[in-house]
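Notes to accompany the following structure.
The values are calculated or read from the model by the stated rules, or taken from the named source; none is laboratory data. Every value quoted in this text rests on a predicted model; they were computed, and no experiment measured them. Here Cβ is always computed from backbone atoms with ideal geometry, including for glycine, and neighbour counts include all displayed protein chains. Note: areas computed on protein heavy atoms with side chains; ligands, DNA, RNA excluded. Shrake-Rupley method; radii C 1.70, N 1.55, O 1.52, S 1.80 Å.
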Amino acid sequence: RLIETLLRLRRRGRLLTVLCGMSWTLAGYAALFLVLVAALGWWGGSNLRAIGWAVVALGTIGLGTIALIVPLVHLSKPEAVARRIGRSFPALASDVLAASQLTSSDNAGSFAESLVVSHLKSVSETVSGLPKARIYSARSVIWPTVALAASLIAGGIIRTALPGLVETGLGSLWGDPKPPSDTAKLVPAKAPVVGDLTLSVPKLRGVTDR
């Protein structure tokens, strides 16, 4: 029963870890991508584009590793959930950790079976009655979600306020944008019509030619 309880808590922890990690990673990617588009729209150039994409890729991979991969690897350890319970409920730390080690260790036979069974039963009943929200709180998803929403909102604001900059930056992501074709050069200019113009000025009464 203790093992089942720990497994349920681990599944909850993994779900929240994935949500948090993906939100932080996407928020970081959105922010870096926005900076790259703005920089290309303002300065442009192949060197800036290569460096910008490298920063975006390395930053996203690094953030994903820190926020997602490392926590998942840590959570896969047998005693990770027990230690998490101990941090949330310090009074139970030693008992839960010892019970977790007994369930995953081959040395449990070196202890009296009755004592081991009694300890595991006691810890199992205690852990089953603990509020899961205090061990793996859903509130941990709030800040990553806020960061992701802020990145998307910032991108929308910049797109609305500086459409020309954003369009130029987006067009420069994979190569220098082609200048607009000069259609005026393709159409031969017509020569101005020049002719003899005769102006007749009527004479005014009372005015003599001089």
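Does residue 53 fit the bill of being closer than 30 Å to residue 164 by Cα and modelled with pLDDT of 95 or more? It is true that residue 53 is closer than 30 Å to residue 164 by Cα and modelled with pLDDT of 95 or more.
Only a single item in (1) more than 20 Å from the chain's Cα centre (by Cα); (2) in contact (Cβ under 8 Å) with a residue 40 or more places away in the chain; (3) under 29 Å from residue 36 (Cβ atoms); (4) surrounded by 16 or more Cβ atoms within 10 Å (Cβ to Cβ) is not met by residue 167, and it is number (4). Number of residues in the stretch 1-24 that are among the hydroxyl-bearing types (Ser, Thr, Tyr) and either more than 20 Å from the chain's Cα centre (by Cα) or closer than 12 Å to residue 71 by Cβ (or both): the value is 2. Residue count for the stretch 110-136 under the criterion of being open to solvent by less than 40 Å² (accessible area, probe 1.4 Å) and without any contact (Cβ under 8 Å) to a residue 60 or more places away in the chain: the result is 2.
Can residue 45 be described as at pLDDT below 95 and within 17 Å of residue 158 (Cβ to Cβ)? Judged against the criteria, residue 45 is not a match.
Every listed requirement among (1) within 15 Å of residue 127 (Cα to Cα); (2) open to solvent by less than 30 Å² (accessible area, probe 1.4 Å) is met by residue 64 save one, (1).
When residue 65 is tested against the conditions (1) assigned to a helix (DSSP H, G or I); (2) more than 22 Å from residue 133 (Cβ to Cβ); (3) in contact (Cβ under 8 Å) with a residue 40 or more places away in the chain; (4) not aliphatic (A, V, I, L, M), the lone failure is (3).
Table: residues versus (1) touching an Asp or Glu at 6+ places or on another chain (Cβ under 9 Å); (2) open to solvent by 60 Å² or more (accessible area, probe 1.4 Å); (3) under 19 Å from residue 3 (Cα atoms); (4) of a type in the set (Ser, Thr, Tyr).
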| residue | (1), (2), (3), (4) |
| --- | --- |
| 51 | no, yes, no, no |
| 70 | no, yes, no, no |
| 74 | no, yes, yes, no |
| 149 | no, no, no, no |
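Just for the stretch 15-49: of the residues that are touching an Asp or Glu at 6+ places or on another chain (Cβ under 9 Å) and open to solvent by 30 Å² or more (accessible area, probe 1.4 Å), which one is farthest from residue 176 (Cα to Cα)?
The qualifying residue farthest from residue 176 (Cα to Cα) is 49.
Listed here are the residues, each with its yes/no results for (1) closer than 23 Å to residue 93 by Cβ; (2) modelled with pLDDT of 95 or more; (3) touching a Pro at 6+ places or on another chain (Cβ under 7 Å).
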| residue | (1), (2), (3) |
| --- | --- |
| 131 | yes, no, no |
| 147 | no, yes, no |
| 171 | no, no, yes |
| 180 | no, no, no |
| 186 | no, no, no |
| 198 | no, no, no |
